[in-house]
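The next block holds one structure in the form of structure tokens; read it before the comments.
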Amino acid sequence: MFRIAIEMLLYDKTKYIGLLIGVAFTAFLVTFAMGYFAGFMTRGFALVSENPSAKVWVMDPSVSSAEATINMSDSALDIVRGVKGVNYAAPMYLGNMTARYANGDFQTFQAIGVDDATLSGAPKPANLLRIPESAIVDSGGTEGKLQTPIYKKDMWSYDGSHLNAPTRKLRYGDTMLINSKRVVVAGVSHTIPRFPPRPLLYTTASNFKRLVPGEKRYITFIMVRPTKNITPNKLAKRIAKQTGLKAITSDEFKKETVLWYMINSEDVGDMVNMVILAMLVGFGVTGVMLYMFTYENIKQYAVLKAMGASTKQLSDMIFTQVFISAIIGSGIGVGIAAILAHMVSSATFPFRMMWFAPLIGFLGVIIVSMTAAFISLRPIKKMEPGIVFKL
Amino acid sequence: MSKIISTCRDIVKNFNSGEAEVKALQGITLDVYENELLMLVGPSGCGKTTFVSVLSGLLSFDSGVCKLMGEDISTMSDERLTAFRGKNIGFVFQAFNLLPSLSAIENVALPLTVEKRKRVETLTLSKEMLEAVGLDGKENVKPSGLSGGEQQRVAIARALVHNPKFIICDEPTSSLDHKSGQIVMELLTEIIKEKGASMIVVTHDNRIYKYADRIVHMEDGRIVKVAS
Ligand SMILES: Nc1ncnc2c1ncn2[C@@H]1O[C@H](COP(=O)(O)OP(=O)(O)OP(=O)(O)O)[C@@H](O)[C@H]1O
Ligand SMILES: [Mg+2]
């Protein structure tokens, strides 16, 4: 019967290929959408990822993501440094700063202030931050936002803004103004793009304070490296207990950030809905196609039943057909998603194939197919084999 | 008198198609004997197909008693009835009803495959049967590569390969030209006599009446005449 099922499946090549394409498309859609989503989320916690040596992150107890933050008082740093098991603790300042470009145009940056002494948290070429009043800028996943005029005559001119002047990319030595204070571009880095994309400005904590003076609290995060004899997990718990601050491992922080996006970001919510919608449509189409395939062959099943094939034999045939289509189709779909992901993944196109994306794409299709097979058993079970006499 | 293979008493079958109720069978009583070839004739829509469907357990009925080889089919479970039918009845249809994806020999083998017989045995028997209907050499041809007459001969081979006691043919010749029809009927009668099975042939085709042992005439869901 197994053999008959397969020959039946392969008989109408066009139909079979159509079926495979349908299944493959769904598997592709699901896998790709999830990869896309994972890509966005990876960018959402880029700040955590680009500081791999910070195993524990300390923050205000009300903070639950790397995106929406509130600062702690400066004394927090000393308190954390006093906890046993802390090998090293560095502050990180976060804030938005609007910079005036030389042609009079302006751009908002996410400013990241790093420890003056160690520069930990700054991207390469970090050492250049030692130049007074300097900053390293980064496109952070945006395009065409880090610009300055090509010609001297359009820079800081006395006759006002030259907004339509031809521009080029910012580079070492260019200047801009933040709160009317001069900032020298010490370099352009290429760290992990952000979600949502935004230009980044890395500078030292002291320069940060110079640009935005007079705040009561500057420290957004404290990045902690544990000593050799304690796990990040244990140290995080200890810091939390002793300081009353929130301390979590970097993995926990990433997870919390993803969760925060899903709950709080309308954009991400929309994206999740789109992904779910795409999955449902794909699943629906696959299910209907498989159902129709079985239904179209109902006369053949009636013939088999007239000749004594039991319901179990018939359902085995249907499951065989559907299972084979599902396995091959979703294999193709997941494969194409992987290849395409490899090709399109770039700074402006976030994509990350996590281990679970193909798995869910694959399993999702199999489950849907099996459900479709199950539903298409109904007419088979209910049919009066008497229809074999009807033309 | 020879032994009875099938007996029907007062079979009633109505179809409810929307508002109108169709009284397809209005009390049919008929016995079929072993080794006989019975023809069922009558105008279109008089209930011939409905009757053989009921008789062979392919269609449920409203009232009456129908026994096959002494067993009351209305009391059998669907599962048991299916197995019983598969083992004891062979079918030949007007539309042949071969599986288009399977080769001639695989089509013939279906009743044995369903019974889960060994593959070697299945293929040997099917090949012999194909030879018996004069189709040796066409084992691996799909139905689309065969003429109507050849397809019907494959169907006959399929109906007989598992040695059923009872063969039901619904208009086996009406899709065929006269010559192919004659060949098919010759084959059927010959093999039936040889294997000792009973057969009902539903037909419109009076040119094949000569093969019948008895002819049962139906009209409006009733038997109106039985001729020998
Ligand atoms: N599934 C069905 N639903 C409703 N009515 C049906 C159904 N099957 C048959 N009928 C009706 O029952 C009556 C008998 O039909 P049946 O097919 O048994 O006739 P028949 O004698 O085989 O005719 P033909 O010579 O045209 O094959 C007809 O009026 C037909 O329309
Ligand atoms: Mg009929």
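Brief remarks follow.
- Hits in region B:71-113 - residues which are touching a Lys or Arg at 6+ places or on another chain (Cβ under 9 Å), within 16 Å of ligand 1 (Cβ to nearest atom) and more than 7 Å from every other protein chain (Cβ to nearest Cβ): B:Val92
- Boolean, B:Ala227 is away from ligand 2 (no atom under 16 Å from the Cβ), under 28 Å from B:Val32 (Cα atoms), hydrophobic (A, V, I, L, M, F, W, C) and touching a residue at least 40 places away in the same chain (Cβ under 8 Å): no
- The numbered conditions (1) of a type in the set (D, E, K, R); (2) under 32 Å from the mean Cα position of the chain (by Cα); (3) surrounded by 13 or more Cβ atoms within 10 Å (Cβ to Cβ) are all true for A:Glu143 except (3).
- Residues of region B:98-147 that are more than 17 Å from B:Leu160 (Cα to Cα) and among the aliphatic types (A, V, I, L, M): B:Leu102, B:Val120, B:Val141, B:Leu146.
- Annotation note: of B:Val52, B:Val32, the sole residue that is buried (at least 16 other Cβ atoms within 10 Å of the Cβ), closer than 22 Å to B:Ala212 by Cα, within 15 Å of ligand 1 (Cβ to nearest atom) and among the hydrophobic types (A, V, I, L, M, F, W, C) is B:Val52.
- Region B:173-224: number of residues that are assigned to a loop (DSSP other than H, G, I, E, B) and touching a helix residue (DSSP H, G or I) at 6+ places or on another chain (Cβ under 6 Å): 3
- Residue list for region B:114-137, filter: crowded, with 22+ Cβ neighbours inside 10 Å and assigned to a helix (DSSP H, G or I): B:Val114, B:Thr122, B:Ser126, B:Met129, B:Leu130
- A:Ala302 vs. criteria in contact with a strand residue (DSSP E or B) (Cβ under 6 Å, 6 or more places away or on another chain), under 20 Å from B:Ser77 (Cβ atoms), outside the structural domain of A:His190 (by TED's automatic domain parsing) and within 16 Å of ligand 2 (Cβ to nearest atom): no
- Verdict on A:Asp251 being among the acidic types (Asp, Glu) and closer than 30 Å to A:Ala372 by Cβ: no
- Some residue of region B:165-180 being more than 16 Å from ligand 1 (Cβ to nearest atom), buried (at least 24 other Cβ atoms within 10 Å of the Cβ) and either of a type in the set (Val, Ile, Thr) or within 14 Å of chain A (Cβ to nearest Cβ) (or both): yes
- Hits in region B:153-201 - residues which are of a type in the set (Gly, Ala, Ser) and either within 16 Å of ligand 2 (Cβ to nearest atom) or touching a residue at least 60 places away in the same chain (Cβ under 8 Å) (or both): B:Ala155, B:Ala159, B:Ser174, B:Ser175, B:Gly196, B:Ala197, B:Ser198
- Residue list for region A:72-112, filter: in contact with a Lys or Arg (Cβ under 7 Å, 6 or more places away or on another chain) and without any contact (Cβ under 8 Å) to a residue 24 or more places away in the chain: A:Phe106
- Scanning region B:14-36 for residues that are farther than 22 Å from B:Met199 by Cβ and either within 11 Å of ligand 2 (Cβ to nearest atom) or in a strand (DSSP E or B) (or both) gives B:Asn14, B:Phe15, B:Asn16, B:Ser17, B:Ala20, B:Glu21, B:Val22, B:Lys23, B:Ala24, B:Gln26, B:Gly27.
- Yes/no for A:Ala102 being under 31 Å from the mean Cα position of the chain (by Cα) and over 17 Å from A:Lys209 (Cβ atoms): no
- Pick from region B:37-72, criterion closer than 13 Å to B:Ile223 by Cα and in a strand (DSSP E or B), ranking: nearest to ligand 2 (Cβ to nearest atom): B:Leu40
- Taking first residues from region B:9-22 that are farther than 14 Å from B:Phe61 by Cβ and without any contact (Cβ under 8 Å) to a residue 12 or more places away in the chain and partners that are surrounded by 10 or more Cβ atoms within 10 Å (Cβ to Cβ) and polar (S, T, N, Q), the Cβ contacts under 7 Å between residues at least 6 apart in sequence or on separate chains come to B:Glu21/B:Asn14.
The values are calculated or read from the model by the stated rules, or taken from the named source; none is laboratory data. Predicted model only: the values in this text are computed from it and were never measured. Because the Cβ atoms are built from the backbone with ideal geometry, glycine has one as well, and the counts that use them run over all protein chains shown.
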